[in-house]
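Encoded as structure tokens, the structure appears first; notes follow it.
The values are calculated or read from the model by the stated rules, or taken from the named source; none is laboratory data. All figures in this text were calculated on a predicted structure; none of them were measured in a lab. No Cβ is skipped: glycine too gets one built from the backbone with ideal geometry, and neighbour counts run over all protein chains shown. Accessible surface areas use protein heavy atoms only, side chains included; no ligands, DNA or RNA. Shrake-Rupley method; radii C 1.70, N 1.55, O 1.52, S 1.80 Å.
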Amino acid sequence: MSLSRRSLLTAAAVRPLVALDKSLIYMNAANIAPCGKAALAEYLKQLQDFQQNPAFQNREVYKTLSESVRARLAKQLGAAPAEIALTRNSSEGNNLIAQGLRLQPGDEILLTAHNHPSNTQSWQLRARQSGATVVTAEVPIYAKTAEELLGTIAGKVTARTRVIALSHLTNTTGLLYPIAAVADLAHQKKAWCHVDGAQSFGWMNLNLPALRIDSFTGSFHKWPMGPLESGLLYVREARIDELTPAILSVDYWSDKPTGARKFEMLGQRDDAKLRGLEKTIEFLETTGMAVIERRALAIAARFRNGVAGVPGAKLKGSGEAAVSGPVIKVDFPGQDLTAIYNRLWAKHRIAIAKTDAGDAAGLRFSPHIYNTEAEVDKTLGALRL
């Protein structure tokens, strides 16, 4: 998958580069995005080679390849290679941080009500194990400013707060949190700031050190359009030694992995996938993250603005640029959400997600750079029927 940074980034240019059925209107990148054709081809080619010759000698290449992928990914995120662990997904990274931190009875773990389950349940388990307490900050869904979002978290911070863990962009209603400000708040209390970046990594132009966070997770199978079961864990170098690895495997004590590599000791892995990651990162590099971010936000804005013309539709969130990303939740109060969801798929081949109940109830649309303006307009038209 390759696209010149100098090219005008349009869906027409991107769509042929991803392995997506042409008959689909696919607006579910927040769950899984289609993999790039080049990344998929390289992965499958390498997997075939691996299975035909799994000898140690043939697998030596992966040692170099993993470090190359780590270095390129670190550069893209403004981090040092030693701060990056190659994981299987955000959920694994969230659990590695939760299990790795040394907590005590009386410590408080501050979450938000719209964290992804892996960034809630992993901390709930850790609280049971350690005697710590989970504190939950409510989410002001219709917040218009970053200050409103920060305020709900700040109001829950106490002298006992040891962790603040939250989603960068919520997968529920697409609220974008002011992470640098949250990190500063955490550090004022000498607390750890952990960010689930599953919904920001891949479309957002990120510099992780600039966010001043302690750890961050991401998944390649979402917005970066990479292969399944591939992700990253970033840990700020100055704090790596504060974490205990939750998983140990062959030669951990003798190999003594340095930096964030100690969180990769998972046993045998699908090393052939590194070729797919290499191609995925190459696409992000050559296209440019700033370019991808502009396009992702533009196509999301077109959809969000169009919802106003859909009878009975209620947009979750204020839609203000400062607190919004390309995850869009639309509710239809008094109507059967499941019926609408099924109709969009059965009649129009529109693939989305839905939440059935609660304050985040509604249909979730997460368009990406491969979605055309015509697809957005067709989807809005289908909602009007």
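Scanning the range 198-221 for residues that are in contact with a helix residue (DSSP H, G or I) (Cβ under 9 Å, 6 or more places away or on another chain), more than 15 Å from residue 289 (Cα to Cα) and not in a strand (DSSP E or B) turns up 198, 209, 210, 211, 212, 213, 214.
Filtering 49, 21 for residues that are among the acidic types (Asp, Glu) and assigned to a loop (DSSP other than H, G, I, E, B) leaves a single hit, 21.
No other residue among 228, 211 is in contact (Cβ under 8 Å) with a residue 12 or more places away in the chain, of a type outside the set (Ser, Thr, Tyr), open to solvent by 10 Å² or more (accessible area, probe 1.4 Å) and more than 11 Å from residue 89 (Cα to Cα) apart from 211. Scanning the range 164-197 for residues being open to solvent by 10 Å² or more (accessible area, probe 1.4 Å), part of a strand (DSSP E or B) and closer than 13 Å to residue 119 by Cβ gives a total of 0. Looking only at residues of the range 92-114 that are open to solvent by 40 Å² or more (accessible area, probe 1.4 Å) and under 19 Å from residue 128 (Cβ atoms), we find that the one that is nearest to the chain's Cα centre (by Cα) is 95. Annotation note: Cβ proximity below 8 Å between a residue of the range 8-30 that is surrounded by fewer than 16 Cβ atoms within 10 Å (Cβ to Cβ) and a residue that is at pLDDT below 95 and assigned to a strand (DSSP E or B) (sequence gap 6+ or interchain) occurs for no pair. Could you list all residues from the range 17-34 that are farther than 18 Å from residue 203 by Cβ and in contact with a Leu (Cβ under 9 Å, 6 or more places away or on another chain)? Listed by number, the residues that qualify are 19, 25. Taken together, 119, 31, 95, 53 contain a single residue that is in contact with a strand residue (DSSP E or B) (Cβ under 8 Å, 6 or more places away or on another chain) and either modelled with pLDDT of 95 or more or among the β-branched types (Val, Ile, Thr) (or both), which is 31.
The one condition from (1) of a type in the set (D, E, K, R); (2) assigned to a helix (DSSP H, G or I); (3) over 17 Å from residue 218 (Cα atoms); (4) touching an Asp or Glu at 6+ places or on another chain (Cβ under 8 Å) that residue 72 does not meet is (3).
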